[in-house]
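The values are calculated or read from the model by the stated rules, or taken from the named source; none is laboratory data. Here the structure is a predicted model, which is why all the values come from computation and not from measurement. Positions of Cβ are generated from backbone atoms using ideal geometry, with glycine treated the same way; all protein chains shown enter the neighbour counts.
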């Protein structure tokens, strides 16, 4: 679909996704879960967090084309819930923050999460979440971008099922731009932590 706005956004978001993955090239599982201080979540937590938000975003997309939703979205389409990854990785959903995506987690729980998830499994999840966002963006039109919808911040989880809850109204474009800015923010923190690891001489690439 032709979209001047998305023609700009799609390659920038794809490039940013690539930079996130490049930030962890050569790191071991132990380096991903290394904690530099009591209020500094490990690099692996940032990686998981941006992937979880990307996964929630892609699950919330409902391509419309004419600006009117043809069918309701299914907020349970995220990879996380379809595959039951919290259970697979032996994580307690109650400790994973808002919508099991990381916000409001304690620093200790963030570190424990990074320690628990194997690097190969985590990177696989990150790649698939990013890819799902990129594929969803390819189906959107300019009309989709401006169509009103419930913000993905306004969802709730109960009995391992995601519900769209009444609350803030937004647009696809606003949520896409939030994903872009949110990912770049955490990318900067990841690159900073990577630099600290390099300074400590703990990496051989």
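Only one of the numbered conditions (1) in contact with a helix residue (DSSP H, G or I) (Cβ under 8 Å, 6 or more places away or on another chain); (2) closer than 17 Å to residue 137 by Cβ is not met by residue 52, and that is (2). The single condition among (1) within 24 Å of residue 27 (Cβ to Cβ); (2) surrounded by fewer than 15 Cβ atoms within 10 Å (Cβ to Cβ); (3) modelled with pLDDT of 90 or more that residue 94 does not satisfy is (1). Of the residues examined, residue 40 is one that is at pLDDT below 95, more than 21 Å from residue 142 (Cα to Cα) and surrounded by fewer than 22 Cβ atoms within 10 Å (Cβ to Cβ). Evaluated against (1) at pLDDT 85 or above; (2) in a loop (DSSP other than H, G, I, E, B), residue 190 falls short on exactly one condition, (2).
Selection within the stretch 113-139: residues that are exposed (fewer than 13 other Cβ atoms within 10 Å of the Cβ) and either touching a strand residue (DSSP E or B) at 6+ places or on another chain (Cβ under 8 Å) or touching a residue at least 40 places away in the same chain (Cβ under 8 Å) (or both). The member of this set that is nearest to residue 57 (Cα to Cα) is 135.
Put simply, of 14, 30, 58 the only residue that is touching a helix residue (DSSP H, G or I) at 6+ places or on another chain (Cβ under 6 Å), part of a helix (DSSP H, G or I) and either at pLDDT below 95 or at positive phi (or both) is 58.
Once the stretch 2-32 is narrowed to residues that are more than 21 Å from residue 54 (Cα to Cα) and surrounded by 15 or more Cβ atoms within 10 Å (Cβ to Cβ), the residue that is farthest from the chain's Cα centre (by Cα) is 3.
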